[in-house]
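Since the structure comes first, as structure tokens, the remarks are kept for the end.
The values are calculated or read from the model by the stated rules, or taken from the named source; none is laboratory data. Values in this document were obtained by computation on a predicted structure and should not be read as measured data. Here Cβ is always computed from backbone atoms with ideal geometry, including for glycine, and neighbour counts include all displayed protein chains. Remember, those area values only see protein heavy atoms, side chains included, never the ligands or the DNA or RNA. Shrake-Rupley method; radii C 1.70, N 1.55, O 1.52, S 1.80 Å.
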Amino acid sequence: MTLDVVVVDSLVKRYGPVTALAGVSLAVRRGEFIALLGPSGCGKTTLLRAVAGFVEPTSGEIRINGRPMRGVPPNLRPVNTVFQQFALFPHMTASENIAFGPRRQRLSPAEIHGRVRDALAMVGLEGLGARYPRELSGGQQQRVALARAIVNRPEVLLLDEPLGALDLKLRKRMQVELKRLHQQLGMTFLFVTHDQEEALAMADRIAVMREGVIVQLGSGAQIYRNPATRYVADFIGEANLITCQVDASGAVQITPNGPGGPYRMPANGTQQVSLMVRPESVRLGCGAGADHVALPATLKDKAFVGSTYRLYLVLADGQEIAAEPGCGREVDELAPGAAVWVHWHKDAARLLED
Amino acid sequence: MRFTSANAAFLMLGPIAFFVLFFLAPFGLLIAESFMRPQGGVTLSNYISVLSDGYYWNALINTLLISLWVTVVSFLLGYPLAYFIVFHVRRPWGRRLIYVLLMTPLFTSNIVRAFGWIVILGRRGIVNSSLLALGLINTPLDILYGKLSIIIGLAYILLPIMALSICSVLQTVDRSLIEAARDLGARPSRAFIAVTFPLSLPGVVAGSIIVFALSVSAYVIPSILSGGREMVMPILIFQQYAATFRPDIGATLSVVLLAVTLLLIGSYLILFERRLRAVG
């Protein structure tokens, strides 16, 4: 337990009739990089702001280093935030922005100077300390915002969609840098994003949120391979979600009147389930052996996306699935309307209750 | 759609014509007049006689001092008011209501409002009779007909302008900057001093310039609330035209007043220039 630097315990936040957080519990380990992932309005930013101290929870508790945070104002919490639009003070230079926190801690001028210099070096902005924010590019402003937060050596660094304001290329580069910074500092990062790719690229663990609750918490690979619900499967990565029927024996039928598939549901009365299979697991051809599921399909459309073709196929019952079978010649020659067989290894698919 | 410069120039014709006809031309005549003898001929004698006369200097300093105080008072009252409106009135209709309430006094005549202050500040006015009744004073205070009553009267009229000017800038201060300051360890008071206030300075500067300029040129309030005991430049200038029939001296006084005011506002702007540039 001593490893958990932040503990969120059944946190609820209501704004009048609107529930932003509906009982969130989360334990953040020291030194961990956690991403809070979800669409806008899922409560991820509210959760972050509650940890920062800008949102007073309706009920539940937040403990940082074991200390309850109820009633503790933001300036007295051992956390710092990197804001969405950077929130740099426009009337202060980069150095003055970074020195703002250390000055509040009443450190000696020499100590402040040293820390500011180190922080600037850490984010690769040596020599730009005298510039005003408006004289810096978006990426540089982002780095100043980072430096301004880490210079205080917080227990937890809170990042509120910090890359959202940057263009795609810069965003990718900052992802790598953030990850490097995290390893270098050994600091705990709590990172809010709606971009699943960003979360997968950086976080040790991802908390997928929906409508004020965490629906799944785990490493990116775990969540990608074993999504807990249809919602998570759809949100993380691309997923084919095929609606299936469960017959009396508990066998799952992938297409109506088709043979009972290799999948079995525990007999808990569920009539309908979704079969989740990632496009990259769907192959062309009949497959081999009982470990494969094979279905006839018709090619509806195909698109070249660089490393692979993306095929849009229609199953016999009209459901559409996507496949990414690579760039072989057989795929090159396929034309829309062609009748093909698709298959996947049965372990590549997951049954999800609706 | 973009305006070509020809189009823009055409659009500007109206305002330029208005400006030339009703400001630049009369102003030129005024300056010319200040350099003329009553019987004709160019001279500096008007300026010499104005600038060598302690009475005029006295009125000028009096005017500037009163205007300075009006500016300070309306800032001290206007800033908290603006802060309250922007940060504590959440509902849009509530804010609109306060704006309307602030503007309403501007729809009534200055004369009526000046007489209102006579009722309040006079020897038998509300202030004195309450203080007497409470036993806080034994004889009525001499508030009316002095610098104090002029300052009160002007600050009261100009306060909405100061408050609205500060409001308009305070509204644009990004709340996340204030949160960032708090997040970095600043108490609310420190966040205000280090972030909110510096960022609202453009509103304060604009408001003070307008209030100062309007105070310097105010005629009605000083003439009613001075009771003849205080002399300010607008009254003095009016007298030159209406009582002593010395339009040349009136013109000279106007030019001197304008020059001094511009000089003061100019140095004020230079004083804040660096900070304003950083904010803007």
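Restricting the trypsin sites (Lys or Arg not before Pro) of region A:1-95 to loop positions (DSSP other than H, G, I, E, B) with no more than 13 neighbouring Cβ atoms within 10 Å leaves A:Arg70. Here's the picture: charge each Lys and Arg Cβ at +1 and each Asp and Glu Cβ at -1 in the protein assembly as shown, and of A:Ile34, A:Val314, B:Leu131 the one pushed furthest to the positive end of that dipole is B:Leu131.
The label point for A:Asn65 and the one for A:Ala316, both projected 7 Å from the Cα toward the Cβ, are 6.5 nm apart.
Rounded to the nearest 20, the size of the Cβ-charge dipole of region A:6-67 about its Cα centre is 80 debye, with Lys and Arg at +1 and Asp and Glu at -1.
Rounded to the nearest 0.05, what FRET efficiency do B:Tyr47 and B:Phe107 give with R0 = 45 Å and r taken as the Cβ-Cβ distance? Could you check?
0.65
The convex hull built on the alpha-carbon positions of region B:88-154 has an orientation-averaged projected area of 6.4 nm².
A straight chain from A:Ala22 to A:Asn226 at 0.36 nm per residue would run longer than the Cα-Cα distance by 71.0 nm.
Cα centroid separation, region B:154-228 to region B:19-85: 24 Å.
Leaving out ligands, DNA and RNA, and with a 1.4 Å probe, what % of the accessible surface on the protein assembly as shown is carbon or sulfur? Roughly 61 percent of what the probe reaches on the protein assembly as shown is carbon or sulfur. The longest stretch of chain A left intact once loop-based GluC sites (Glu not before Pro) with at most 14 other Cβ atoms within 10 Å are removed from consideration, loops following DSSP, is A:1-125. From the square roots a ≥ b ≥ c of the eigenvalues of the alpha-carbon gyration tensor of region A:88-189, which class results: rounded (a/c under 1.5), prolate (a/b over b/c), or oblate? The shape class here is oblate. Counting only DSSP H runs of at least 4 residues, each contributing -39500 (n - 2.57), and dividing by the residue count of the protein assembly as shown, the helix-based mean residue ellipticity at 222 nm comes to -14500 deg cm²/dmol. Between B:Asn110, B:Asn128, B:Asn62, which gets the highest mean-square fluctuation from a Gaussian network model of chain B, Cα cutoff 10 Å? The residue that fluctuates most here is B:Asn128.
Positive contributions from Lys and Arg (+1) and negative ones from Asp and Glu (-1), summed over other residues with Cβ under 9 Å from the Cβ of A:Arg77, come out at -2. Bridging of A:Lys346 to lysines at a Cα separation below 29 Å is possible for A:Lys300, A:Lys302, once same-chain residues fewer than 8 apart are set aside. Sorted largest first, the principal axis extents computed over the alpha-carbon atoms of the protein assembly as shown equal 120, 67, 51 Å. Would you work out if region B:42-279 is rounded, prolate or oblate? Take a ≥ b ≥ c from the square roots of the eigenvalues of the alpha-carbon gyration tensor; rounded if a/c is under 1.5, else prolate when a/b is larger than b/c, oblate otherwise. Oblate. When both region B:115-145 and region A:270-345 are represented by their alpha-carbon centers, they are found 93 Å apart. Starting from the Cα of A:Val213, step 7 Å toward the Cβ, then list every residue of region A:11-39 with an amide N under 16 Å from that point. Label zone hits: A:11-14, A:19-26. Of the trypsin sites (Lys or Arg not before Pro) found in region B:102-131, those that fall in a DSSP loop while having at most 15 other beta-carbon atoms within 10 Å are B:Arg123, B:Arg124. In terms of its C-alpha gyration tensor, region B:1-87 has an oblate overall shape, because the principal axis ratio a/c (a ≥ b ≥ c, square roots of the eigenvalues) is not below 1.5 and a/b does not outweigh b/c.
Between B:Ala213, B:Ala155, B:Ala242, where does the largest GNM mean-square fluctuation fall for chain B, given springs only between Cα atoms within less than 10 Å? So, out of B:Ala213, B:Ala155, B:Ala242, the one fluctuating most is B:Ala242. Share of pairwise Cα-Cα distances greater than 27 Å in region A:1-145 is 36 percent (whole percent). Among A:Arg117, A:Arg104, A:Arg230, the residue with the largest mean-square fluctuation in a Gaussian network model of chain A, with springs joining Cα atoms closer than 10 Å, is A:Arg104.
Could you tell me the calculated FRET efficiency between A:Asp195 and A:Ala130, based on Cβ-Cβ distance and R0 = 35 angstrom, to the nearest 0.05? Before the final figure, lay out each step's value.
On the way: r = 34 Å, r/R0 = 0.96.
According to the calculation, E is roughly 0.55.
Structural descriptor for chain B: relative contact order 27 percent, calculated from alpha carbon pairs under 8 angstrom and at least 6 residues apart.
So what is the accessible area of region A:96-234 per residue, in Å², with the probe set to 1.4 Å?
Result: 44 Å² per residue.
Among complete DSSP H helices in chain B, those whose alpha-carbon atoms stretch at least 30 Å along the helix's long axis and whose mean Kyte-Doolittle hydropathy reaches 0.0 are B:54-88, B:147-170, B:247-279. Beta bridges from DSSP with both residues in the protein assembly as shown: antiparallel share about 75 percent, rounded to the nearest 5.
Listed by chain and number, the lysines whose alpha-carbon sits under 26 Å from that of A:Lys172, ignoring those within fewer than 8 places in the same chain, are A:Lys44. Simple rule: put +1 on each Lys or Arg Cβ and -1 on each Asp or Glu Cβ in region B:42-279, find the dipole, and look at B:Leu141, B:Phe87, B:Leu102; the Cα lying farthest toward the positive end is B:Phe87.
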